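K.L.:
Mind having a look at this structure? Questions to follow.
The values are calculated or read from the model by the stated rules, or taken from the named source; none is laboratory data. Note that the structure is a prediction, hence the values are computed from the model and not measured. Neighbour counts are summed over all protein chains in view; Cβ atoms, including those assigned to glycine, are modelled from backbone coordinates with ideal geometry. These area figures cover heavy atoms from the full protein model, side chains too; ligands, DNA and RNA do not enter into them. Shrake-Rupley method; radii C 1.70, N 1.55, O 1.52, S 1.80 Å.
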Amino acid sequence: MSKIPQTLIGRRSFLAAGTAMLAAPALAQTDETTEIERDLSESVRRNISSFRSLDWHPYFSSLRNGAILVDTTSRALHYWNEDETIYKLYPTSVPLTEDLTRRGRTEIIRKVEGPSWAPTPSMKIRNPEWPDFVGPGPNNPLGTHALYLSWQYYRIHGTHDTRKIGRQSSNGCIGLYNEHIAELYTLAKNGTQVLLI
C-alpha cells in the first residue's frame, strides 16, 4: 500500500476548501461610513430582481420638467426627461435606517457642481467628531455634484466612497457614483419633480 505525501492536496479537498472560504461571512469596511453586511444565515431581501426599468405613469401625472423616481427598496434612481426621449436607471445608496428615510414628493431647487458639505445639527449630535465643514474635493461626502431638494438637508449627490452604492449607508440623502451624478446633473434641472418611495 503506497502512502500519499501529506503535502499533496487532492482536487476535491482543494475545491471544498475554496467553497468554504467563499461561503464565509463577509464584512464591509467599517470606518463608520458603511453598514456591516448582515449575517448570511439571516433572510435578506435582495434587490437584484427589483433593479429593473419602470414606467413613469404609475408615479407621475406628467413629465413636466422631467421626473426622478427613487426606489429606496431596490436602491435605484429612475430619470425620465420631459419628452420621454431619455430614460436612465442608476444604482444608489439609501439611508441607513427607516428613521433617516424620507418619502414623498419634492423637486430639485438648486444644482451645484463641486459642492461643499456641513453636517446637519442631528448628524453632529450623532457624530460629534465630524468636522463642521468640508469644502469641495476628494474628502467631500457629496462627491462632485449635488442636486438640492426642496426638503431641507436632503440631496441627491455623488460619492467618492464607491462602497456606499447599493447599500444602506447615508444619513438621509440619495447617493450615486460620481459619473452617474455628473450625467444626471446635466439632464435634470431646477423644477424637476422627484418622488421617493
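K.L.:
Could you work out the local net charge near residue 70, counting Lys and Arg as +1, Asp and Glu as -1, over the other residues with Cβ closer than 14 Å to its Cβ?
P.N.:
+4
K.L.:
Keeping all protein chains in place, calculate the accessible area per residue for the range 126-197 (probe 1.4 angstrom), answer in Å².
P.N.:
Solvent-accessible surface per residue comes out at 43 Å².
K.L.:
In what order, largest first, do 93, 53, 116 sit by accessible area if the probe radius is 1.4 Å?
P.N.:
On the way: 93 5, 53 85, 116 50 Å².
Heavy-atom accessible area, descending, gives 53, 116, 93.
K.L.:
Each residue of the range 60-74 in order: what ³J(HN,Hα) in whole Hz does its phi give by Karplus 6.51 cos²θ - 1.76 cosθ + 1.60, θ = phi - 60°, with x for Gly and Pro?
P.N.:
9, 7, 7, 9, 3, 6, x, 8, 10, 10, 10, 9, 6, 6, 8
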